[in-house]
Each structure stands twice: as structure tokens, then as C-alpha cells.
Amino acid sequence: MASWLKKLSVAFVVSGAIGGYAVLQGKNSAIERVVDQGQTALGALVAGPHQSRPNATDQAKLPFIVIEPRDFAAPMVRLPQQAQVAGALPSAQQASALRLSAGTHQWDLNPVEARLRARVPAELFGYFDLFLYVSKATPDKGEWAQRMFVLAKQREQTFELLHNWKVSTGREEPMPSPSGKMLGTDTPQGMFKLDRGRSYEDYTSRQWQSPMPYAMFFDWRIDGRPSGLALHGTDEQGEKELGTRASHGCIRLATDNARTLFHLIRDNYRGRVPVFQINPETGTMSTTGALVRDENGRVQMTNGYKVLVFIEDYGGPTVDTVAALY
């Protein structure tokens with residue numbers, strides 16, 4: 001681990017040197033240039049030889065079902081039309097102080113940030129201030145498997161790792177619900193926002209008759225309807241299963257961690273966020289970060305949380321992928 005991290009550090013030093021040169025030459029946006037150059041180099045580190053960024057056209061061919069399109073336990077929420085979501089947002093709240101969680105391992109920070117920059121479209125980083133990286137990989141795939149990394153964007157446009165938690169993603173197989181209906185339990189991959197109108201401290205899923213404390217539902221539509229995909233806490237048995245694929249499709253956390261995340265987001269990250277495209281034929285929202293634009297090319301905005309959730313089936317970098325960079 002130490003040897004390949006040393007090599008990774010070299011990549012960051014080189015990127016920093018290039019940025020310093022740009023400043024001395026009097027060019028603008030030097031830090032942005034460093035980020036762009038670092039993204040190119042570090043992308044080779046983390047992208048892997050057989051992995052490529054999903055194409056925006058993939059949204060029309062989603063091969064999964066997240067529990068059931070409708071979550072029957074959720075209160076009925078009538079979503080506004082796009083033209084009605086441009087109302088004025090209350091003045092931004094003063095963010096509370098953010099501190100590193102106990103037990104955080106610093107070896108996680110740079111590789112996770114590099115992975116995000118290599119996989120998430122660069123344009124999206126300007127719209128979001130908190131990033132939740134979730135690995136849905138099985139535990140045998142690497143040290144990142146079944147973990148959530150919470151990274152906050154800093155003023156200098158770098159990330160600070162706030163939390164590194166075990167999670168459980170979906171079992172990835174059909175399962176009978178308590179009513180006897182077979183439901184999918186896949187956790188989808190891609191980029192997601194959180195639904196500002198659907199977050200609940202005390203919540204129970206009627207479909208699965210299971211507790212979902214501190215639930216925060218995704219702003220993601222399937223077949224034209226809000227999905228039941230959410231981040232939430234769990235019960236005692238669910239906590240024992242953290243670190244494995246054990247959920248019904250949602251992202252489970254320890255209840256204490258779900259509470260921390262719930263209040264962190266609701267207290268600090270309200271704001272204006274871009275509207276993601278919805279495929280007109282399927283009624284399903286993009287998971288590739290495709291944005292809605294007006295006739296002048298301007299991105300359409302709405303009220304939400306400035307939080308981007310990125311989910312993928314990836315267990316983390318290996319010594320081999322780091323060595324390939326050199």
C-alpha cells in the first residue's frame with residue numbers, strides 16, 4: 001500500500017508543479033488547469049483497462065429495477081412542473097463546522113477524489129459541494145467494497161474526506177416481499193441527486209415492512225414516477241450485515257451514521273442544483289449526468305441539495321493499476 005501511494009503522491013506533485021508554472025506565466029484559472037491535468041493523469045490510475053464512462057444514450061436501456069418504482073410508504077408528493085421550480089431560494093444558511101470523523105484513514109482521500117474526477121463529468125463539480133462515493137462491489141473486489149466515502153468540496157476546489165463508512169447495497173437478485181410479490185433488489189450505478197421534498201427521520205417501508213430511520217430519498221424517476229431508492233439507517237440485524245450486499249436496493253448505513261449524514265446534509269447543503277434529463281420514451285431520469293438546457297444552452301436549475309451521489313461496482317485501485325501509470 002505504501003509503495004503505490006508514494007507513486008500516487010508523485011502524480012499530485014507533478015500536477016502541482018504544472019499549476020505553479022501557469023501562475024508564473026500570468027495565465028488565469030491556474031488551479032482549474034491543474035485539476036484538468038491531474039484528472040487526465042489520475043484517470044489512467046483509476047479508470048481501469050476495461051472500464052469507460054457510460055454514454056448518455058445508455059439511459060434509455062436501464063437493465064435494472066430498484067425495488068418497485070413507487071414506494072408506497074412515502075407520502076404522496078405532487079412534483080412541480082419544470083417551469084414552476086425556478087422560484088427564489090431562501091438565503092443560504094451558514095454551514096456548521098465540519099470535522100473529520102474518528103478513525104478516518106488518510107489513505108482513502110486521494111484515490112477516492114481521483115476516482116471521482118476521472119468518472120464524473122467535470123461540469124458537475126461546479127454545481128455540487130458534497131460528494132457521496134458508494135461502492136456496490138462485493139467484499140472480495142477490494143478495500144472500497146460496500147463503503148461510502150463522504151467528501152466535502154473546499155474553497156480551493158479540493159476535497160476533504162469527512163467520513164468513511166460501511167454500507168450495504170442491494171442483494172442484486174429478485175426477492176419475495178412480505179406480501180409475496182417478487183421485487184428486484186438491484187442498486188443502480190451512476191450519478192444521483194437527493195430529493196429535497198422526501199427526507200424523514202422516522203420512516204418504515206411498507207413494501208418490506210422494515211425500518212428506514214433517517215431516510216433520504218433520491219431525486220430519481222423510473223417510468224415517470226419517483227423511485228423508492230434511498231439512503232437510510234437500519235435495525236440491529238441490518239447493522240450486522242453492513243459490509244455485504246444485504247439491502248433491498250437502497251443504501252443502508254449504521255443508524256448513527258445515517259443520523260450524522262441526515263443532519264449534515266439538511267443543515268448545510270440546501271441550494272440550487274441542475275435538472276437532470278429524463279428520457280421521453282422511458283420516463284427514466286439520466287444516471288450519466290446529462291443536464292437539461294434551455295434554447296440558449298443555459299442549464300436549467302431547481303431547488304435541492306448540493307449533494308451528488310456516485311455509485312459504481314468498483315472495489316478500489318490495486319497495486320497493478322497504480323504501477324501501470326508509470
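The values are calculated or read from the model by the stated rules, or taken from the named source; none is laboratory data. Note that the structure is a prediction, hence the values are computed from the model and not measured. Please note: Cβ atoms are built from the backbone with ideal geometry, for glycine as well, and neighbour counts cover all protein chains shown.
Tabulated data
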item: Test: residue in the range 294-317 that is outside any strand (DSSP E or B), of a type in the set (Val, Ile, Thr) and within 17 Å of the chain's Cα centre (by Cα); result: no
item: Candidates Lys141, Lys166, Lys153 - the one that is over 26 Å from Asp267 (Cβ atoms) and of a type outside the set (Val, Ile, Thr); result: Lys141
item: Residues within the range 142-180 that are in contact with a Pro (Cβ under 8 Å, 6 or more places away or on another chain) and of a type in the set (S, T, N, Q), tallied; result: 1
item: Scan of the range 166-189 for residues that are in a strand (DSSP E or B) and surrounded by fewer than 21 Cβ atoms within 10 Å (Cβ to Cβ), ordered by number; result: Lys166, Met175, Pro176, Met182, Leu183
item: Count - residues of the range 190-234 that are modelled with pLDDT of 95 or more, within 15 Å of Thr169 (Cα to Cα), outside any strand (DSSP E or B) and not β-branched (Val, Ile, Thr); result: 3
item: Residues being under 21 Å from Ser168 (Cβ atoms) and part of a loop (DSSP other than H, G, I, E, B) - total across the range 120-154; result: 8
